[in-house]
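Worksheet: one structure, shown below.
No value in this document is a laboratory result; all are computed from the given coordinates. Keep in mind the model is a prediction, meaning the values are calculated, not measured. Glycine also receives a Cβ, built like all others from the backbone with ideal geometry; neighbour counts cover every protein chain displayed.
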Amino acid sequence: MCTYCGCGQPDTHHHHDHHDHEHGTDESVRRIRIERDILSRNNAFAAGNRDYFAQQGILALNLVSSPGSGKTTLLVRTIETLGLPAAVIEGDQQTSLDAERIRQTGVPVQQINTGKGCHLDAHMVGHAVTALDPGAPGVLFIENVGNLVCPAAFDLGEAHKVVILSVTEGEDKPLKYPDMFHASDLMIINKTDLLPHVDFDVGRCIEYARRIKPDIEVLQLSATTGDGLDAWIGWIRKRSENFTETVQQAAG
């Protein structure tokens, strides 16, 4: 988990410089303390983001996956089909290529480049939302950096984490990266159009995911062909309705 740099010194930009240091019991305790401090600060920023999203009526979805899952393609197809106001925070280590693809749909996009950092954190998202200024109720998609490890630990203030994996990956991903699947409310199995050409056991993948989190929801789709996309759109619309009702009830 990338909550500190290699020597245990906190690094707010998450750049991991390599330098000499000593290991030992004291160092391990110090690293644990630093990790807790960083997560505590992140959670405070996440709480602020969550309050803001509630005040603005914005349903925030944190999309997480390993690289190459088809996350950006799915996001573009989703925006084109959703029929709700939307905005995107796009996280990448380098380049704005994915943000440019999303921008072509006409929705507001704010790019975050993390450099060597392998995840977004709540402070980054808070700044990005300020710059983005969604300004109206709708859905905020946060496309996290491609990584199934570090983003699991970092609450961004989102309503739901959605983990995406493709059939070109192993069906054992939930067992290999249990924290991410435990933290997610929905698992999307993408690229189902390739199932005839790959060795991927869908049933086993779902069983592994529910071994980690029994109540995780599962959708199967192909962002390329659109097969199964309606169920995903329906999932978002339902969560948006529920979110709006909850916010209104809380407001009295």
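Computed over Cα pairs, the Kirkwood radius of the chain leads via Stokes-Einstein (1.002 mPa s, 20 °C) to a diffusion coefficient of 113 µm² per second. Normalising the average separation of contacting C-alpha pairs (under 8 angstrom, six or more residues apart) by the number of residues puts the relative contact order of region 25-250 at 24 percent.
Peptides 171-182, 224-235 ranked from most to least packed, by the mean per-residue count of other Cβ atoms within 10 Å: 171-182, 224-235. For GLY57, the shell of other residues with beta-carbons less than 12 Å away shows a net charge of -2, using +1 for Lys and Arg and -1 for Asp and Glu.
Whole angstrom only: what separates the Cα centroid of region 119-167 from the Cα centroid of region 182-235? Cα centres, region 119-167 to region 182-235: 20 Å. The amide H of GLN110, built 1.01 Å from its N in the peptide plane, has VAL88, ILE89, GLU90 as neighbours under 5 Å, considering only residues 5 or more places off or on other chains. Think of each Lys and Arg Cβ as +1 and each Asp and Glu Cβ as -1; about the Cα centre, that makes the dipole of region 149-252 roughly 120 debye. Neighbour counts of other Cβ atoms within 10 Å put GLU80, GLU158, GLU35 in the fewest-to-most order GLU80, GLU35, GLU158.
Rounded to the nearest whole Hz, the Karplus-based 3J(HN,Hα) values (6.51 cos²θ - 1.76 cosθ + 1.60, θ = phi - 60°) of region 43-52 follow the sequence 5, 5, 5, 4, 4, x, 4, 4, 4, 4, with x at glycine and proline.
The order of LEU132, LEU165, going from fewest to most other C-beta atoms within 10 Å of their C-beta, is LEU132, LEU165. Using 0.36 nm times the number of residues separating GLU217 and ASN113, minus their current alpha carbon distance, what extension gain do you get? So the chain would gain 34.4 nm between GLU217 and ASN113. Our coupling estimate for region 164-174, obtained by passing each phi through the Karplus curve with A = 6.51, B = -1.76, C = 1.60 and θ = phi - 60°, is 10, 9, 10, 6, 7, 9, x, 5, 8, 3, x Hz, Gly and Pro reported as x. Check which residues have an amide H placed less than 5 Å from GLY138's amide H, if you skip close sequence neighbours. Long-range HN contacts for GLY138: ILE58, LEU59.
Across region 61-69, rounded Karplus estimates of 3J(HN,Hα) from the backbone phi angles (6.51 cos²θ - 1.76 cosθ + 1.60, θ = phi - 60°) give 10, 9, 8, 10, 5, 7, x, x, 7 Hz, Gly and Pro being marked x. Compute a Gaussian network model of the chain, connecting alpha carbons closer than 10 Å, and tell me which residue from ALA46, ALA131, ALA60 fluctuates the most. Per the Cα network of the chain with a 10 Å cutoff, ALA131 tops the list. Computed packing ranks the peptides 100-106, 86-92 as 86-92, 100-106, most packed first, by mean other Cβ atoms within 10 Å.
When restricted to Cα atoms, region 84-184 yields an Rg and a Dmax of 14.0, 41 Å, respectively.
Of all aspartates and glutamates in the structure, the ones whose alpha carbon falls short of 15 Å from that of LYS176, not counting any fewer than 8 places away in one chain, are GLU207.
Counting only DSSP H runs of at least 4 residues, each contributing -39500 (n - 2.57), and dividing by the residue count of the chain, the helix-based mean residue ellipticity at 222 nm comes to -13000 deg cm²/dmol.
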